[in-house]
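Student: What follows is a single structure, and I will ask about it in a moment.
The values are calculated or read from the model by the stated rules, or taken from the named source; none is laboratory data. As the structure is a prediction and not an experimental result, all values here were calculated from the model. Neighbour counts are summed over all protein chains in view; Cβ atoms, including those assigned to glycine, are modelled from backbone coordinates with ideal geometry. Calculation scope for accessible area: heavy atoms of the full protein, side chains included, ligands and nucleic acids excluded. Shrake-Rupley method; radii C 1.70, N 1.55, O 1.52, S 1.80 Å.
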Amino acid sequence: MNLSSSPPHAHKLKRLLATSDSYSPMEKQGKFTALFISWLLGNGSLFSWNSMLTIEDYYAYLFPKYHPTRVLTLIYQPFALVTTAVLTYHEAKTNTRLRNLAGYTLFFISSLALVVLDVATSGKGGIGVFIGVCIVSAAFGTADGFCQGGMVGDLSLMSPQFIQSFMAGLAASGTLTSALRLITKAAFENSQDGLRKGATLFFALSAFFELLCVFLYAFVFPKLPIVKYYRAKAASEGSRTVAADLAAAGIEAAPDTGTEEDPKRLERLSNKQLLAQNIDYAVDIYLIYVLTLSIFPGFLSEDMGSHSLGSWYALVLISMYNVWDLIGRYVPLIKCLKLTSRKGLMAATLARFLFIPAFYFTSKYGAEGWMIMLTSVLGLTNGYLTVCVLTDAPKGYKGPEQNALGNLLVAFLIAGLFSGVSLDWLWLIGKGW
């Protein structure tokens, strides 16, 4: 097909793909806006769930017999894992735009449902209300399965900086919700129904923020020039997952006419081949989250004993974890501090298992300061290693392969979360349930 006979949208696509290594000014345009929106979308991928975790003191008050922090997390994770696994298996044929919009919309509806549930029951506890909260937790897990793998896969075919910004946003959601919870707890501490007022305000803010994420992903992000460039490049390499996003940006991927001349151009490695080549990265990301979730948040919120900080102690520990997790995700931006050795990443990941005896003995014999320090280091290493793995692994692959690898790594990440949450219950054995 001659260029002159191509449809108008095809001209635009070919112009965007005229160069792959040296971007024109228009192709660079919108980079910082894209980084900021990636950060906001990362924040939105966990904001609602972190809100639920952060108000654990309210749920512990409402449902003192049901171990709400552990139960809600244990319900959340299987739904996130199964959803992620199914969508990862069908990744090559999945409409990424529809997947991500469905996830953020479900987050919005579920956050709103918690507000309605609390208002409808007048803030009362009981098994019926707890089951309702558990259903919302399952909905959050499903939404996470849609969003996190979809976004990491989508950003993997763009720039490592976008992945770093998205992952920093994930951590920032924990820091932001912790800060808001400390503020609302202090503001309402001496008022009647103070815990309930703070929790209701929390989920109203969550619902608003998730609605903002739906708007940003649907109408702003796909129209940024640099985003259009990367997605058009991926489409030229055979990716079918970006077609809807390109259409939303006013670009229609032209039918490929170069396949007969170069049949290998659109070939890609299978998921099995990608996993075989990156099994160490997959094991790294799995073990990072097995260790972290076996300690955070269940152990930190229930196994701290009596301390001078009282009800503030668990909130302080969770807040310190979230702050240092966020800091850790920015450390790899300093090139000399970024760990790129695959053996080094594996060694650092395995070394983190020393946290288990460290937390056990510190909780029994250590002062509050030592526990706060340990929690901070746990968060720092979690964020740092996560970004190192997810930004290095996709390098050197075609767009469709990067998308697939991003989905695979998130599947292992969520499998690690689920395993860690399950192992977290072992801390109760020593307490006699």
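Student: If you check ALA139 against the conditions, is it surrounded by fewer than 24 Cβ atoms within 10 Å (Cβ to Cβ), out of contact with any strand residue (DSSP E or B) (no Cβ under 9 Å at 6 or more places or on another chain) and under 19 Å from ALA80 (Cα atoms)?
Tutor: Details: surrounded by fewer than 24 Cβ atoms within 10 Å (Cβ to Cβ): yes; out of contact with any strand residue (DSSP E or B) (no Cβ under 9 Å at 6 or more places or on another chain): yes; under 19 Å from ALA80 (Cα atoms): yes.
It is true that ALA139 is surrounded by fewer than 24 Cβ atoms within 10 Å (Cβ to Cβ), out of contact with any strand residue (DSSP E or B) (no Cβ under 9 Å at 6 or more places or on another chain) and under 19 Å from ALA80 (Cα atoms).
Student: Could I ask something else about it? Just to be sure I understand, how many residues within the range 385-399 are open to solvent by 10 Å² or more (accessible area, probe 1.4 Å) and either part of a helix (DSSP H, G or I) or of a type in the set (A, V, I, L, M, F, W, C) (or both)?
Tutor: Number satisfying all stated conditions: 1.
Student: Considering only the range 246-274, how many residues are at pLDDT 90 or above and either in contact with a Phe, Trp or Tyr (Cβ under 9 Å, 6 or more places away or on another chain) or crowded, with 21+ Cβ neighbours inside 10 Å (or both)?
Tutor: Residues flagged as at pLDDT 90 or above and either in contact with a Phe, Trp or Tyr (Cβ under 9 Å, 6 or more places away or on another chain) or crowded, with 21+ Cβ neighbours inside 10 Å (or both) within the range 246-274 amount to 3.
Student: Are any residues in the range 82-91 open to solvent by 40 Å² or more (accessible area, probe 1.4 Å) and part of a helix (DSSP H, G or I), and if so, which ones? Even if it seems obvious, please write down each step before you answer.
Tutor: The initial filter retains those residues of the range 82-91 that are open to solvent by 40 Å² or more (accessible area, probe 1.4 Å), namely 82, 85-86, 89-90.
If the condition is that a residue be open to solvent by 40 Å² or more (accessible area, probe 1.4 Å) and part of a helix (DSSP H, G or I), then VAL82, ALA85, VAL86, TYR89 are the ones that fit.
Student: State the number of residues belonging to the range 313-348 that are in contact (Cβ under 8 Å) with a residue 40 or more places away in the chain and farther than 20 Å from ALA168 by Cβ. Walk me through it before giving the result.
Tutor: Here is the first cut: in the range 313-348, the residues in contact (Cβ under 8 Å) with a residue 40 or more places away in the chain are 313-333, 338-340, 342, 345-346.
Next cut, farther than 20 Å from ALA168 by Cβ only: 313-317, 342, 346.
Going through the range 313-348 one residue at a time, the tally reaches 7.
Student: May I ask you to list the residues in the range 158-169 that are among the hydrophobic types (A, V, I, L, M, F, W, C) and either open to solvent by less than 10 Å² (accessible area, probe 1.4 Å) or more than 20 Å from ARG268 (Cβ to Cβ) (or both)?
Tutor: Applying the first criterion (among the hydrophobic types (A, V, I, L, M, F, W, C)) to the range 158-169 yields 158, 162-163, 166-168.
PHE162, ILE163, PHE166, MET167, ALA168 - these are the residues of the range 158-169 that are among the hydrophobic types (A, V, I, L, M, F, W, C) and either open to solvent by less than 10 Å² (accessible area, probe 1.4 Å) or more than 20 Å from ARG268 (Cβ to Cβ) (or both).
Student: On to the next question. Of these, ALA351, ALA415, which one is open to solvent by 10 Å² or more (accessible area, probe 1.4 Å) and either among the β-branched types (Val, Ile, Thr) or free of Cβ contacts under 8 Å to residues at least 40 places away in the same chain (or both)?
Tutor: Values: ALA415 fails: either among the β-branched types (Val, Ile, Thr) or free of Cβ contacts under 8 Å to residues at least 40 places away in the same chain (or both).
Every option except ALA351 fails the conditions.
Student: Also, quick follow-up: In this structure, does THR121 turn out to be free of Cβ contacts under 8 Å to residues at least 40 places away in the same chain, open to solvent by 10 Å² or more (accessible area, probe 1.4 Å), within 22 Å of ALA199 (Cβ to Cβ) and of a type in the set (S, T, N, Q)? Steps first, answer last, please.
Tutor: Values: free of Cβ contacts under 8 Å to residues at least 40 places away in the same chain: yes; open to solvent by 10 Å² or more (accessible area, probe 1.4 Å): yes; within 22 Å of ALA199 (Cβ to Cβ): yes; of a type in the set (S, T, N, Q): yes.
Yes: the conditions hold for THR121.
Student: May I pose another question? Kindly check whether there is at least one residue in the range 103-111 that is assigned to a helix (DSSP H, G or I), at pLDDT 95 or above and of a type in the set (Val, Ile, Thr).
Tutor: Among the residues of the range 103-111, at least one is assigned to a helix (DSSP H, G or I), at pLDDT 95 or above and of a type in the set (Val, Ile, Thr), which makes the answer yes.
Student: Give the residue, chosen from PHE162, PHE140, that is closer than 23 Å to ALA34 by Cα and within 16 Å of the chain's Cα centre (by Cα).
Tutor: Sole residue among the options that is closer than 23 Å to ALA34 by Cα and within 16 Å of the chain's Cα centre (by Cα): PHE162.
Student: Of ALA404, ALA367, which residue is surrounded by fewer than 21 Cβ atoms within 10 Å (Cβ to Cβ), among the small types (Gly, Ala, Ser) and on the phi < 0 side of the Ramachandran plot? So that I can check it myself, show each step before the final result.
Tutor: Working: ALA404 fails: surrounded by fewer than 21 Cβ atoms within 10 Å (Cβ to Cβ).
None of the others qualify; the one that does is ALA367.
Student: Mind counting the residues in the range 55-68 that are more than 15 Å from VAL136 (Cβ to Cβ) and assigned to a helix (DSSP H, G or I)?
Tutor: Of the residues in the range 55-68, 3 are more than 15 Å from VAL136 (Cβ to Cβ) and assigned to a helix (DSSP H, G or I).
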